[in-house]
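Below is one structure; the comments refer to it alone.
A short reminder: the numbers here are calculations on the coordinates, not readings from a lab. Values in this document were obtained by computation on a predicted structure and should not be read as measured data. Positions of Cβ are backbone-derived with ideal geometry, glycine not excepted, and every protein chain shown enters the neighbour counts.
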Amino acid sequence: MKKNFRLFFVLFFLSFQTVVSANTIIVKGTVKDSSNHYLANKSVKIYSTDSINGGCTMSHTVLTNPNGFYIDTLKCNGDIKKLFIIVENCDGKNITHDPALTTTGVVESNFIICSNPNIPSTTPGCKAVIAFIITDSIAQFNSKESYAGAVPGTLPDSIISRTWNFGDSSSILTGNRIDPIHIYKNPGEYIVTLTIKTKSGCESSYLLHIQIKKPETPTNCKAFFTSTVKDSVAQFNSEGSLASVTNGIAKDSIISRTWYFMDNYPTVSTLTGNHIDPSYTYTKPGTYQVYLVIKTKLGCESKYTASVNIKAPPVPTSCKAYFTKTITDGLVKFNSSDAQAAGANDSIINRYWIFGETTASSGILQGNNVAPSHFYAKPGKYIVLLYIKTKSGCESKFADTITISNVICEAKADFSIEKVGLKKVIFNSELSTVQAGDSIIQRTWKFGDNSYLQGNHIKLDREYPTQGIYTACLQIQTLRGCLADTCKQVVMQDTSSIRPIPVDFIKILAINPNPVITNFRATIYSSTKDIECEINVYDIYGVLKSSMKKVLSKGNNIVEVQTANLFHGPYFLRVISKSGKDTKIFYKL
């Protein structure tokens, strides 16, 4: 009855105290006897009560561990305003503590009860003490407040060993380390134990409950860079970037820098790693955004952006167009190999020739021909112009006047006639000739029935509308401007020598344009469908220059032929299939 009355008095007394309230409280402490021995399996009763003022009411019972340490967490939906903790003394009476709540939510209450006669007495006086500082996952411990005490009648004692158990899976630290640092890999609650031993044999242990919180990612790092530009190269420097600054032990550092140069959007040029001062070469003038994203060891990230202006390099003017010439009658050979680019790293990429005959298609030559030849059809004075352009954009012009005093132009037009039907013949102009170094670039056929055909058809077939006698004429024009013509009678009345008309055949009807600059379109006729043929280009010496295979449909087929890689001069287009073959000549300017 007395015990219950005493408990009620204590509860009534505690209810009138004003304390800090909270809904979660951690209660911890130690229980030892008067001989400084920590007592294991000692029952500790923890009460929360303040029902009068609206506080939570609850009771917990915990046991001390082998080191005499106990810990418990009280939680409720309301506020915990009053605490009292009770440990039974050796004489059966209760020792009651009423600790005040703290703003940290942690309450420590230590008990010293009567001496335990069953535990042998050791040299009294030593005491282990731990102080600590926690920064993120790093705990700094200090045991300098621990003391060895003294043995009566002897010199002062001294601590000869400190054993640390950090409460996680790491190894126990032995030796005599006063202020160790320990890094916890994971957040959570840990019990740290320090056991000291003195020279005289005194031992003491101290248990400490700590909480490692999940570290907060710092946000005060700062990305920054400067830039300088020379021509098309931008040099960057990010030494002014800063890692995060913390007040604790941990020091931060920049572990990655990612650069975005934004020169080819939406494709972005990226440089990863940790380059402090990279350089970047831009291919085109313009204003470009550059982004730098830094990341630090503690996880802080920061971005900085600035623009760089790449100006177009000045166009050089030191290139020089120039050519020499050799005149033989109407043929002039030019040579521009002495033309100069704007420097050792520059080169001529285009030569544009105007030979003074601007009304003729052959009077202009584009591309990059270093040593062209040109034939003038008439005597006279001609102004020849050469325009050059270099890789760096430099342009230059050179002009020279040439005098043509004598022009030798010889050409002979001739053709054969072969009847292949009642009203059908084949004309063949392979008998036509020109002087050495010249070539036929155009043939104009007049068939005597008020129809004609232009182009450069060497061989063709013609079906007349009615039988009769016709006068067919051929006029040829050469590269040097020579003209020649001839006419022959075509008699379409004698049927005794008519041979069977072939069923399957291939014909090249037209080559447009002719002469050709880069490519042309050939009109090829097939009498049947799906005929595979081989289309070849030969020079005048019979050397194969290009070849391709095509499947022709019935009727007219348009086939594009590339001639960009051919030198100027005459060439033959030949079409070969199992049903027949045909050949036509064309000229490359």
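Odds and ends about this structure:
- Pairs beyond 25 Å (Cα-Cα), from Lys213/Lys303; Lys75/Lys214; Lys325/Lys381: Lys213/Lys303
- For the chain, the equivalent ellipsoid derived from the alpha-carbon gyration tensor has semi-axes of 114, 32, 21 Å in decreasing order.
- Per the Debye formula on identical point scatterers at the alpha carbon atoms of the range 324-404, with no solvent, log10 I(q)/I(0) at q = 0.11, 0.26 Å⁻¹ is -0.29, -1.30.
- Across all directions, the shadow cast by the convex hull of the range 393-542 built on its C-alpha atoms averages 14.4 square nanometres.
- Start at zero, step by 10 Å, and the Cα-Cα distances of the range 226-310 spread as 16, 47, 24, 9, 2 percent across the bins.
- Size of the range 386-480: Rg and Dmax of its alpha carbons, in Å, are 20.9, 67.
- With the highest mean first, a sort of the peptides 454-460, 32-38 on other beta-carbon atoms found within 10 angstrom per residue produces 454-460, 32-38.
- Computed over every Cα-Cα pair of the range 131-212 and binned at 10 Å starting from 0, the pair-distance distribution P(r) comes out as 17, 49, 23, 9, 2 percent.
- Across the alpha-carbon set of the range 506-588, the Rg to Rh ratio works out to 0.95, Rh being the Kirkwood radius.
- 3J(HN,Hα) couplings calculated from phi for the range 206-218 with the Karplus curve 6.51 cos²θ - 1.76 cosθ + 1.60 (θ = phi - 60°) are, in sequence order, 9, 9, 10, 9, 10, 10, 9, 8, 5, x, 7, 6, x Hz; Gly and Pro show x.
- For the range 153-258, applying the loop criterion from DSSP together with a ceiling of 15 other beta carbons within 10 Å to the GluC sites (Glu not before Pro) yields Glu216, Glu239.
- Cross-link partners for Lys42 among the aspartates and glutamates, with Cα-Cα distance under 12 Å and sequence neighbours closer than 8 places in the same chain left out: Asp33, Glu88.
- Packing rank of 484-490, 108-114, where each peptide gets the mean count of other beta carbons within 10 Å, highest leading: 108-114, 484-490
- Out-of-range pairs (alpha-carbon distance over 20 Å; input Lys144/Lys197; Lys550/Lys588; Lys424/Lys578; Lys424/Lys529; Lys529/Lys584): Lys550/Lys588; Lys424/Lys578; Lys424/Lys529; Lys529/Lys584
- Proximal aspartates and glutamates to Lys284, defined as alpha-carbon separation beneath 18 angstrom and excluding residues fewer than eight positions away on the same chain: Asp231, Asp263, Asp346
- Total formal charge among the other residues, if their Cβ is under 12 angstrom from that of Lys42, Lys/Arg +1 and Asp/Glu -1: 0
- For the range 134-148, Karplus couplings with θ = phi - 60° (6.51, -1.76, 1.60), whole Hz, Gly/Pro x: 10, 10, 6, 9, 10, 10, 9, 9, 8, 10, 5, 7, 5, 9, 8
- Under 15 Å, Cβ to Cβ, from Glu395 - net charge with Lys/Arg +1 and Asp/Glu -1: +4
- Among the trypsin sites (Lys or Arg not before Pro) found in the range 546-584, those both in a DSSP coil and sparsely packed, with 15 or fewer other Cβ atoms within 10 Å of their Cβ, are Lys554, Lys578.
- Hits among lysines - C-alpha to C-alpha of Lys81 under 20 Å, sequence gap 8 or more where chains match: Lys28, Lys45
- Each Cα pair under 8 Å and six or more residues apart adds its separation to the average, and for the range 261-308 the resulting relative contact order is 33 percent.
- Crossing angle, helix 2-14 versus the chain [Cα axis fit, 0-90 degrees, rounded to tens]: 50 degrees
- The chain: relative contact order in percent, alpha carbon pairs under 8 Å with at least 6 residues between: 6 percent
- When you filter the chymotrypsin sites (Phe, Trp or Tyr not before Pro) in the range 291-323 for DSSP loop state and at most 15 other Cβ atoms inside 10 Å of their Cβ, you are left with Tyr322.
- Overall form of the range 241-357 per C-alpha gyration tensor (a/c, 1.5; a/b vs b/c): prolate
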